[in-house]
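I have placed the structure first, in the form of structure tokens, so that the comments after it can refer back to it.
The values are calculated or read from the model by the stated rules, or taken from the named source; none is laboratory data. Everything numeric in this text was worked out from a predicted model, so none of it was measured. Glycine also receives a Cβ, built like all others from the backbone with ideal geometry; neighbour counts cover every protein chain displayed.
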Amino acid sequence: MGDGWSSQRHTGPPILALAAEEDATGRDLVTAFAAGFELECTLAAPISPDHYEDGWHATATFGALGATAAAASLRNLTTDETVHALNTAASTPAGLKRNFGSMTKPLHAGLCARSGVTAARLAYEGFTADPTAISGERGFWDLYGPEARDDFTFDPKVWALQEHGIHVKYYPCCYFTHTSIAGTASLVDDHDIDPQNIERIHVRVAQGAADALHHADPDTGLEAKFSMEYTVASAAVRDRVGLTAFDDDSIDDPVVQQVRECVDFDVDDDLHYDSHEANVNIDTAEDSYERLQENPPGTHDNPLTDAELRSKFDECARRAVTEETADALAAIFTDLADCDDIAAAVSDAAHP
């Protein structure tokens, strides 16, 4: 599980989709999100990071169960119905890291969101599952995490939201690139480094990065999201590594390509598997610069400012809706707990 968790992309969509059916308030959505978040973190803890190391994409596996818990909360399922929903969903998790850099990788989040909505709906209609499909012999934990920690204990008084916090992905690419992006951008800005004078950028990172980042010379924007070389080069050249950096046309930028060929990385064995730490070294003809980067923007210990969060929202929303609609939606989600009818509010914002 690491030091934090990011579940907006698979817990948020199912509860928004169900909001109209359930006449949900904003507070209902917040409660459902928290339920999904806590359940997901609890299930992940005993088998992480081994589960991820074995090749599973945790978004797709734990996400299906988190989405189910969120949907069950929003539908006000009984305890028994929720047990059946979760154990039904336990038969759906799938997602391979081998698909990182392809269209299928983001599909994982959609599939697990669908699993959550479906499992909750089935349970509401009386559908049943083995109540030990998650925790029992040959169940979810046994099969998806054969190296489960025997020493794990669950403390119901500890909330993952408080203990670990939510990580917001500031950069729209693999999370294992974020610390290196932040470290590179800081060095370039702090020392006013001309990207065209860079002779080498060397990054030392955790093993998790080496396992996830397989596209040193990406051919598409999707592959570039899983390229340490490309993302670090983008950080050195561009003001910000945003969505446009991963348009297919952007990866052919000649300056970015020049710097990309100067980037290499290796593993620091002293870092734990999914550490939020990177040592970045930049060599130019004139000098060398080094930075130990910890906790990139968006992590629990380095949260985004309100302005940064709004900028990220706008960057995403304005690819699909007008500026006016984006502003209206941002206002709703900023004060979500105070919204009496989330479906009506979103509909009004989308159709002013």
Practice item. Return the total of residues in segment 237-249 being in a helix (DSSP H, G or I) and at pLDDT 95 or above. Key: 5
Check your understanding: Cβ-Cβ below 9 Å, separation at least six or inter-chain, first residue in segment 256-273 and in contact (Cβ under 8 Å) with a residue 40 or more places away in the chain and under 16 Å from THR284 (Cβ atoms), second of a type in the set (S, T, N, Q) and loosely packed, with under 14 Cβ neighbours inside 10 Å: which pairs?
Key -> GLN258/GLN196; VAL259/GLN196
Revision key, fill the gap. Taking segment 278-323 and keeping only residues that are outside the structural domain of ASP266 (by TED's automatic domain parsing) and aromatic (Phe, Trp, Tyr), one is left with PHE313
**Study point:** Flag for ASP266 being of a type in the set (Asp, Glu), assigned to a strand (DSSP E or B) and surrounded by fewer than 16 Cβ atoms within 10 Å (Cβ to Cβ)
**Key:** yes
Point to revise | Evaluation of HIS167 against (1) modelled with pLDDT of 95 or more; (2) closer than 24 Å to PHE313 by Cβ (one fails), failing number | key: (1)
Practice item. Please note which helices (runs of 4 or more DSSP H) are completely contained in segment 16-76 and include at least 3 residues that are crowded, with 21+ Cβ neighbours inside 10 Å. Key: 26-44, 58-74
Exercise for review: Just need a number here: residues in segment 84-111 that are assigned to a loop (DSSP other than H, G, I, E, B), modelled with pLDDT of 95 or more and either surrounded by 20 or more Cβ atoms within 10 Å (Cβ to Cβ) or not polar (S, T, N, Q) (or both).
Suggested key: 4
Review point. Out of all the residues in segment 94-102, is one or more touching a residue at least 60 places away in the same chain (Cβ under 8 Å) and over 21 Å from ILE47 (Cβ atoms)?
Key: yes
**Study point:** Matching residues in segment 287-332 - criterion: being under 18 Å from SER180 (Cβ atoms) and of a type in the set (Val, Ile, Thr)
**Key:** THR299
Check your understanding: Would it be correct to say that ILE134 is farther than 15 Å from ALA89 by Cβ and among the β-branched types (Val, Ile, Thr)?
Key -> no
Check your understanding: In segment 278-327, which residues are assigned to a strand (DSSP E or B), at pLDDT below 95 and crowded, with 17+ Cβ neighbours inside 10 Å?
Key -> THR299
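Is it the case that some residue within segment 167-186 is more than 23 Å from the chain's Cα centre (by Cα) and closer than 24 Å to ASP301 by Cβ?
no
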